[in-house]
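In what follows, a structure is listed as structure tokens, so that the remarks can point back to it.
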Amino acid sequence: MSILRIYNCFHPILREKAQKVEKFDQELKEFTDNMLATMYNADGIGLAANQVGDRRAICIVDINSGDEDKSNYTPIVMINPTIISFDDEITTYQEGCLSIPKYYEDVDRPAAVQVQYTDIDMKLHTLEADDILARVIQHEYDHLKGILFFDRISQIKKALGKKKLNKIKRGELDTFYPMINPDGSEFDPMGSKEK
Ligand code: NI
């Protein structure tokens with residue numbers, strides 16, 4: 001397994017819409033394993049394929065990522081996901097994103113969703129999710145549509161965070177994991193996994 005580089009949110013691939021996965025083969029399995037390794041390495045709870053420079057409609061989530069006991073991990077690999085229903089109730093929760101390091105804002109989203117996806121063995125699943133799982137699924141699903149979480153916050157909040165976002169845009173990052181800058185060059189973190 002290898003650790004992939006995570007693309008900065010200002011790289012154009014983060015604005016592209018994902019393409020349907022048609023080919024289920026060994027390469028797909030290896031790629032999703034690499035996505036999982038990359039997410040765990042960065043202490044993330046979700047990751048979409050365009051965040052590692054791939055245009056396929058794939059996202060992964062694990063709300064137990066970061067647990068010291070790896071046997072508690074609950075990885076879900078979603079291929080060609082579609083959210084088929086949203087709850088009427090809206091909740092507010094602070095979100096972050098591996099492509100937008102150290103930037104956090106409250107985002108309003110439906111409290112629960114139903115998502116349909118195919119797993120790596122081409123089996124179709126329907127998952128009902130609420131709480132944090134519903135939150136992460138919607139965040140990753142947005143990535144596959146080229147939407148970033150700061151698109152969903154008020155203009156005032158976004159204006160207040162402009163300084164931070166401009167720093168990220170310039171590639172002045174404070175991360176412990178390797179990234180791809182908006183211009184496609186590589187970013188290597190200075191320190192180790194200390195945060
Ligand atoms: Ni994200």
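The values are calculated or read from the model by the stated rules, or taken from the named source; none is laboratory data. This is a predicted model, so every value here is computed, not measured. Quick reminder, even Gly has a Cβ in these numbers, built from the backbone with ideal geometry, and neighbours come from all protein chains shown. The area values use the complete protein model at the heavy-atom level, side chains included, leaving out ligands, DNA and RNA. Shrake-Rupley method; radii C 1.70, N 1.55, O 1.52, S 1.80 Å.
Each Lys or Arg adds one and each Asp or Glu subtracts one; over the other residues with Cβ under 15 Å from the Cβ of GLU30, this totals -2. Share of carbon and sulfur in the accessible area of the chain stands at 48%, probe radius 1.4 Å.
Remark: the chain carries 53 Å² of accessible area per residue (probe radius 1.4 Å; ligands, DNA and RNA excluded).
Stretching GLU128 away from THR92 to a fully extended chain increases their span by 11.1 nm, per 0.36 nm per residue minus the current alpha-carbon distance.
The residue list GLN114, LEU127, TYR141 was ranked by how far each Cα lies along the charge dipole of the stretch 6-170 toward its positive end, using unit charges on Cβ atoms, and TYR141 comes out on top.
Stick to Cα atoms and the Kirkwood definition of Rh, then tell me Rg/Rh for the stretch 6-170.
Details: Rg = 15.4 Å, Rh = 16.2 Å.
Result: Rg/Rh = 0.95.
Between the C-alpha center of the stretch 51-122 and that of the stretch 13-39 there is a gap of 14 Å. Taking the three principal axes of the alpha carbon atoms in the stretch 82-143, the coordinate ranges are 36, 28, 14 Å, sorted in descending order. Considering only the other residues whose Cβ falls under 12 Å of the Cβ of GLY171, what net charge follows from Lys and Arg at +1 and Asp and Glu at -1? Spelling it out: positives minus negatives among the neighbours equals -2.
Under the criterion of Cα pairs below 8 Å and six or more residues apart, the relative contact order for the chain equals 26 percent. Report for the chain the percent antiparallel among DSSP-assigned beta bridges with both residues inside it, nearest 5. Of all bridge pairs located within the chain, approximately 90 percent are antiparallel.
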